[in-house]
Each structure stands twice: as structure tokens, then as C-alpha cells.
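Asks: First, the structure itself, so that you have it in front of you.
We did not get these values from a lab; they are worked out from the coordinates using the rules stated. Model, not experiment: these values are computed from the prediction. Cβ atoms come from the backbone with ideal geometry, glycine included; neighbour counts cover every protein chain shown.
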Amino acid sequence: MTAGSEPGAGAGAETVVVRVDRERCIGSGMCALSAPDSLALGAEGLAEPVAGYGGDGAELTAELTEAVDFCPVEALTLYSARGGYRIAPAE
Amino acid sequence: MSAENSATGAGPGTAPLAPLHCPRHAEAGPPRLSALPTGTPVWLVSRHADVRQALTDPRLGRAPLYAPDAPPLTNAPNLLDDPNSMLNIDGTEHQRLRRTVQRAFTPRAIARWRPWVASVIEGLIDELIDHGNPADIVAGYTRPLPVAVISRLMGLDNLDSKRLAHWSDHALSTTAHSAEAIVTAMGEFAEFGSAVIAERRADPGEDLVSSLLAAAAEDGSITEGQLVTLVIGLVVAGHETTMTSLGNALVYLLGDGRDAWQRLAADEASAAAATEQLLRAVPLGDTDHFPGLLRRTVEEVEIGGVVIPAGSVVAADTSAANMDPEVFTGDLLTELFSPLVAPMYTFGAGPHHCLGAWLARMELELALHRLARRLPSLRLTEPAGSIDWRRGLLTRSPNSLQVAW
């Protein structure tokens, strides 16, 4: 996929859910800045997945990958929505 | 081994100071108005939940503290007051700068250094033993360990220990040095930072400076001034607070808390638990010139039931929050090896949460565990009341600490 892909061009592409470890999250807000369509700061100033990312799954975007990668405390984990397996960070 | 810090010393008329682990009288309660040493009004926030809000609520920031309309925060600005600092920008601009270094400091990135850090620790203990009784454990252990670690991470092989001490003391000075002396020292420190940057651009390596320069070049929005302040800020932050925390932990563990020494030696997990409790309960410094982590409101905010107007300076007293009697009921004597019942805020929270938190934790737990294992009879040879403290800085730690085993 290129950066110019149409929405939906990834039909059959990975859909993901993101989980927040609330014990680890320190509310840096870096994820909400990087990937506002996937994560927001919610109750108690901690990160929460938005829309499908907390439920049935949604498209894996470059922004979300970056947010997971750059979380200062590694509180974010990506899972395959269909397979349930962990995508990132690697075990 | 001689003391190398210029900010030393009990001058005439300076009373002995209580060790940092001795609880200070802190008033738990809702935010209340006080004043900074400059006379600027400041809202003191001290309860656990209120401190968390002050540090994570986006209606408070660091950049507004240095806006043109901001009131004076200090009579002698130090490195932390540099508007170029990563600490003093917010939002997207802050994130772009922080991401140039973030990847090097995540828990997994730090864990890769663990065996090497352990080997540095063992080497320092070997040298202490070779030196023999009595020894100054600051000069021989608490200071050289974090200096060695940050030097290795940043590839600063020829960092002169005396110049570093001089710069660090000025970088975090409150009253130890004049405003002019701080400006001069920070000018020299910035020249050092610029030289390191020029050297790594010409000949990149595997070090943190080379990687942050590559990330900044890719980003394209980061100024040279920001890079220089980031590099010298990493040098100072990378060792000073770890040295302080380790020194003050040893004042406690070799004195009032001596009964725990044997268990610290038992396993790394015990040392890791103790590290969290020590970080919580032993503050990095006093609150007389530094009432807490400062923020400024960009709009009216209610914290702990109190309405704080837009444009107010707020001090989040993390050491009070870490001792909030509504949250933490035990003390170090009973809970040193117990897991924390709530987050501690020694590393802050929110966007400016300490970049080096995981590195500091790892250094502290290994340093305590290995020292207790190798020197089971280690003890202070001077009473805690006569400790020579580094004074007039944001942090307070022993200038030297005589021990025997």
C-alpha cells in the first residue's frame, strides 16, 4: 500500500484493536497526538481506544503503528481483530 | 577520592539538614495560594489526585510559563528555564522533539543495557574494595555510575568529570550560584553540546546523539538551539537525579533503614520493589525554592474543588502527593518491599513524564542489589546529622558519604 491509498483499498488488510495497560499508562498523551483517530485521553487522564479500536477492530494506520512504537511506557499493545494474536510490540 | 562538586558546603550559619527520607511537615489539602521566591503567586497542589490532574490536564502547560506575559519564576534562571528546552514546549512541537529520543528510552530499549550496567557496577565495587576502608561512596559509586552510563549512551568518551560537575551544579542551581555565573557556565556547556553535535554529524556512530540527530534531520522542524539544549539536558538529567536518588537512598538504607540491607542482597526483585518505594518516599530535594513541578493554566481549571484562574502558575508538589495519607498509609520501614498501592509521581506524569525513568530505575535497583550483595556489612561511619549536603540546587544529596564494611 502506498501513502496515497484510497480508504478501503486495504479491504482484506489487517484490522486491529488496541489495548491500554492502565497500570502502565502515565497519560503522556503522545498516542492521542500521533493517532487521534485511534486513541484519546479519557477518564483520569489515561489513554483509551476510540471507536472500533476498542471493539470490533478498525484499520491499522501508520499513525497508530507509530503511537504504539513511541509510547514512553509501552502501555499500548496491538492485536489482530480477527485472529486475536498480538501484532506489536513483538513479544 | 575528593569531592568534585562546587555547590558544596555548610558555610557559616547553615544549620544541619535532615536527611530527605525524614518526612517533612506537609499540609495535605486542596490547592492553596502561596508565593514563589520571586513573589509570583503560585497555587500549591499537593493531593495525589490533584497532582495527577495538574500534570496531565491539557489546560495546563509548560510553554505558558515562558510566554511574554509570564510572571518571573526565578531570580537566577538555570538550564530548566531555557525556552529551547524540551521541558518548556508543549503539544505537537514537544512531541516532535521528544520522538527523536523516545525510542532509546522505552522499557525494552533500556533492558538491553542491563548486563552492561551490571558490569559497570561490579567494576566500581571492585575498585571500592581495592581502595579499602573507609571510603567516600559518593565519589566512588553513586556519582561515577550514572556518569559512566550516560557517557556510554551518548558516546562521550572524553567527558571531563570536573567540568561536568561544574556544569551540572550550575544547570540545576537555585541559590548556589549567581545569575551571571549560571549564564557563563551554561554558555560553556552549550559550546560543548554544539561541538558534540558537529562531531557526530561529521562522523555518526551508534550512540544516542547520532540517532537523535538522524531523527531530527528526518523531521526537519527542530531548531539547532533545541538540539543543543536537548543534548546538554540529556547529559545533566542522565546522571544528576540518579546520583541524587542513589545517594539519598543509601543515607536511609545504611542508617535508619539498615535492617533491610540483607534482603536487598537476596534478589533483584526485592531490590526492584524497594527502588519504587524509595523513589516514592525519598524526595529529590527540598521544596523551599522548588515547591513542585511548575505549570501554568491556559484557561480556568478546577482542581480538587478549587477554581484556578487562567494564567495562574501551579506547582504540583509530587513529594507531598507521594506521601498523601489518603493513598499511602505505610512507611518505608514496613513497606519497603511491598508493591506501590498507587502510582508515584517522582518521574512526573503526562507529556513531560521523565524520559529516563526506566534507565534510572534499572540503575538504582542494580546498584542497591549488587552493593548489598558484595558488601553485606556496609555502614555509615558518620552520623546522618553531620552529612555534608550539596546545597542551593534543585536537588539535594550528600556531597560525600563516608562508609566502611
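Asks: How large is the charge dipole for segment B:287-349, taken about the Cα centre, if only the Cβ atoms of Lys, Arg (+1) and Asp, Glu (-1) carry charge, to the nearest 20 debye? Could the numbers behind the result be given before it?
Replies: Working: 2 positive and 9 negative charges, 44 e Å.
Charge dipole, segment B:287-349, about its Cα centre: 200 debye, nearest 20.
Asks: In 5 Å bins starting at 0, how do the alpha-carbon pair distances of segment B:171-237 split up by percent?
Replies: 3, 17, 24, 23, 14, 9, 7, 3, 0
Asks: So, one more: If packing is taken as the mean number of other Cβ atoms within 10 Å per residue, what is the order of B:28-41, B:358-371, highest first?
Replies: Details: B:28-41: 13.9, B:358-371: 23.6.
Highest-to-lowest ranking by the protection proxy: B:358-371, B:28-41.
Asks: Return the distance in nm (one decimal) between the two label points of a simple spin-label model at A:GLU44 and A:TYR79, each offset 7 Å from Cα along Cα→Cβ.
Replies: Result: 2.0 nm between the two label points.
Asks: Can you tell me the convex hull volume per residue for segment B:157-307, based on C-alpha atoms, in Å³ to the nearest whole number?
Replies: Details: hull volume 33.5 nm³, N = 151.
Cα convex hull per residue, to the nearest whole number: 222 Å³.
Asks: Once a ≥ b ≥ c are taken as the square roots of the eigenvalues of the Cα gyration tensor of the protein assembly as shown, is the result rounded (a/c under 1.5), prolate (a/b larger than b/c) or oblate (a/b not larger than b/c)?
Replies: On the way: a/c = 1.45, a/b = 1.36, b/c = 1.07.
Because its axes are fairly even, with a/c under 1.5, the protein assembly as shown counts as rounded.
Asks: Once you have the Kirkwood Rh of segment A:43-91 from its Cα pairs, apply Stokes-Einstein at 37 °C and 0.692 mPa s and quote D in µm²/s.
Replies: 283 µm²/s
Asks: Restricting attention to segment B:179-229, which GluC sites (Glu not before Pro) occupy a DSSP loop and are surrounded by at most 13 other Cβ atoms within 10 Å?
Replies: Details: sites: B:GLU180, B:GLU188, B:GLU191, B:GLU199, B:GLU206, B:GLU218, B:GLU224; in loops: B:GLU206.
Loop-located and lightly packed - B:GLU206.
Asks: Report, as an integer, the average count of C-beta atoms from other chains found within 10 Å of each Cβ along A:23-31.
Replies: Details: counts 1, 2, 3, 13, 11, 10, 9, 7, 0.
Average per residue, whole number: 6.
Asks: Taking the Cβ of B:LEU60 as the centre, find all other residues whose Cβ is under 10 Å away and add up their charges (Lys, Arg: +1; Asp, Glu: -1).
Replies: On the way: positive: B:ARG59, B:ARG62, B:ARG295, B:ARG296; negative: B:ASP57, B:ASP90, B:GLU299.
Residues close to B:LEU60 contribute a combined charge of +1.
Asks: Taking the Cα centre of segment A:13-91 as origin, sum charge times position over the Cβ atoms of Lys and Arg (+1) and Asp and Glu (-1), and report the length of that vector in debye to the nearest 20.
Replies: Details: 5 positive and 13 negative charges, 33 e Å.
Dipole about the Cα centre, nearest 20: 160 debye.
Asks: Rounded, prolate or oblate, given the Cα gyration tensor of segment B:63-118, with a/c below 1.5 counting as rounded?
Replies: Values: a/c = 4.88, a/b = 2.10, b/c = 2.32.
Here segment B:63-118 falls in the oblate category.
Asks: Summing Lys, Arg as +1 and Asp, Glu as -1, what charge do residues with Cβ under 13 Å from the Cβ of B:GLN277 carry, B:GLN277 excluded? Mind showing how you got there, number by number?
Replies: Values: positive: B:ARG263, B:ARG280, B:ARG361; negative: B:GLU276, B:ASP331, B:GLU335, B:GLU365.
Net of charged neighbours comes to -1.
Asks: Starting from 0 in steps of 5 Å, tell me what percent of the Cα-Cα pairs of segment B:47-202 lands in each bin.
Replies: Percent of Cα pairs in each bin: 1, 7, 11, 14, 17, 17, 15, 10, 5, 2, 1, 0.
Asks: Hey, could you get me the Stokes-Einstein D for segment B:77-153, Kirkwood radius over alpha-carbon pairs, 37 °C and 0.692 mPa s, rounded to whole µm² s⁻¹?
Replies: Values: Rh = 15.3 Å.
Using the Kirkwood radius from Cα pairs, D works out to 214 µm²/s.
Asks: Would you list the membrane-span-like helices of chain B, meaning whole DSSP H runs whose alpha-carbon atoms span at least 24 Å along their axis and whose mean Kyte-Doolittle value is at least -1.0?
Replies: On the way: long enough: B:114-131 (26 Å, 0.33); B:179-202 (34 Å, 0.51); B:357-374 (26 Å, -0.06).
Helices passing the filter in chain B: B:114-131, B:179-202, B:357-374.
Asks: Would you please name the trypsin sites (Lys or Arg not before Pro) within segment B:47-133 that are DSSP coil residues with at most 10 other C-beta atoms within 10 Å of their C-beta? Spell out each step's value before the answer.
Replies: Values: sites: B:ARG47, B:ARG52, B:ARG59, B:ARG62, B:ARG96, B:ARG98, B:ARG99, B:ARG103, B:ARG108, B:ARG112; in loops: B:ARG47, B:ARG59, B:ARG62, B:ARG112.
Of the trypsin sites (Lys or Arg not before Pro), the ones in loops of segment B:47-133 whose Cβ has at most 10 other Cβ atoms within 10 Å are B:ARG112.
Asks: Roughly how many Å is it from the Cα centre of segment B:212-266 to that of segment B:338-405, as a whole number?
Replies: First find each Cα centre; the distance between them is then 11 Å.
Asks: Further, regarding this structure: Provide the convex hull volume over Cα atoms per residue for chain B, in Å³. Kindly include the intermediate steps, with their values, before the conclusion.
Replies: On the way: hull volume 54.5 nm³, N = 405.
Output value, Cα hull per residue: 135 Å³.
Asks: Now for a separate question. Would you mind telling me which residue in B:ALA171, B:ALA104, B:ALA67 has the biggest mean-square fluctuation in a Gaussian network model of chain B, where springs connect alpha carbons within a distance under 10 angstrom?
Replies: Among B:ALA171, B:ALA104, B:ALA67, the largest mean-square fluctuation in the Gaussian network model of chain B belongs to B:ALA67.
Asks: Could you compute the net charge surrounding B:LEU253? Neighbours are other residues with a C-beta less than 12 Å from the C-beta of B:LEU253; K and R count +1, D and E count -1.
Replies: On the way: positive: B:ARG258, B:ARG263, B:ARG379; negative: B:ASP256, B:ASP259.
In short, +1.
Asks: How many nm separate the modelled label positions at A:ALA88 and B:THR223, each set 7 Å beyond the Cα in the direction of the Cβ?
Replies: Result: 3.2 nm between the two label points.
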